[in-house]
Amino acid sequence: MALYEFSVSVSTRYLGQQSDPAASRYVFSYTVTVKNVGTMKAQLIARHWIIKDANGNEEQVRGLGVIGYQPLLDPGQEFEYTSGTALETPLGSMHGTYLCVAEDGVQFDAVIPEFVLSQPRTLH
């Protein structure tokens, strides 16, 4: 078992009421669960997201913490939060990393696996 390891899982939702396809605005929420699967207490310090739309546009977002928090997680503990993003296309993706610091001062990255943002198909 690793000393320093966070697992990251994500679920997404298309927010139709906040979207405006006629104006090329597609809004999504995503719920992230970060779990300390290592054996040492560690804190999520910063985030780095890479957001892509179907037109090939890429945006990088960096900042401290997530939604105003820098959660300190004991082994086995998890932290869940929901945030959102808007794209110009009905299809896109996100991935990135969290910078984490263990209680012994060791820095490590937690990988956020790529996930798809997609407007559900509508049948007429």
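Please treat every number below as a calculation from the coordinates, not as lab data. Quantities reported herein were computed from a predicted structural model and do not represent experimental measurements. Glycine also receives a Cβ, built like all others from the backbone with ideal geometry; neighbour counts cover every protein chain displayed.
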- Residue-by-residue Karplus 3J(HN,Hα) for segment 101-111, coefficients 6.51, -1.76, 1.60, Hz, glycine and proline x: 10, 7, 5, 8, x, 6, 8, 8, 9, 9, 7
- Item | D_trans [Stokes-Einstein, Kirkwood Rh over alpha-carbon pairs] for the chain, 25 °C, 0.890 mPa s, µm² s⁻¹ | 160 µm²/s
- ³J(HN,Hα), Karplus 6.51/-1.76/1.60, whole Hz, each residue of segment 21-38, x for Gly, Pro: x, 4, 9, 6, 10, 10, 10, 10, 10, 9, 10, 10, 10, 10, 10, 7, 9, x
- Note on the structure: Amide H contacts under 5 Å for L3, restricted to residues at least 5 apart in sequence or on another chain and with H modeled in the peptide plane, are T39
- At R0 = 30 Å the Cβ-Cβ FRET efficiency linking L91 and Q43, nearest 0.05, sits at 0.30
- Note on the structure: With 0.36 nm assigned to each residue of separation and the Cα-Cα distance removed, L15 to V106 gains 28.9 nm
- Applying 1/(1 + (r/R0)^6) with R0 = 41 Å to the Cβ-Cβ distance of V116 and Q70, what FRET efficiency is obtained, to the nearest 0.05? 0.90
- Query: Long-range amide H contacts for Q70: which residues qualify at under 5 Å (H placed 1.01 Å from N, peptide plane, sequence gap of 5 or more or a different chain)?
  - Reply: none
- Could you let me know the centre-to-centre spacing of segment 76-122 and segment 1-26, using Cα atoms, in angstrom? 7 Å
- Suppose R0 equals 25 Å; then what is the FRET efficiency for A2 and E80 from their Cβ-Cβ distance, rounded to the nearest 0.05? 0.70
- Note on the structure: With x for Gly and Pro, the residue-by-residue ³J(HN,Hα) of segment 6-15, computed from phi through the Karplus equation 6.51 cos²θ - 1.76 cosθ + 1.60 at θ = phi - 60° and given in whole Hz, is 10, 9, 10, 10, 9, 10, 10, 8, 7, 9
- Task: Mind putting a number on the dipole of segment 6-118 about its Cα centre? Charges go on the C-beta only, +1 for Lys and Arg and -1 for Asp and Glu, and I need it in Debye to the nearest 20.
- Result: 120 debye
- Message: Using +1 at the C-beta of Lys and Arg and -1 at the C-beta of Asp and Glu, which of Q107, S9, P120 has the Cα lying farthest in the positive direction of the dipole of the chain?
- Response: P120
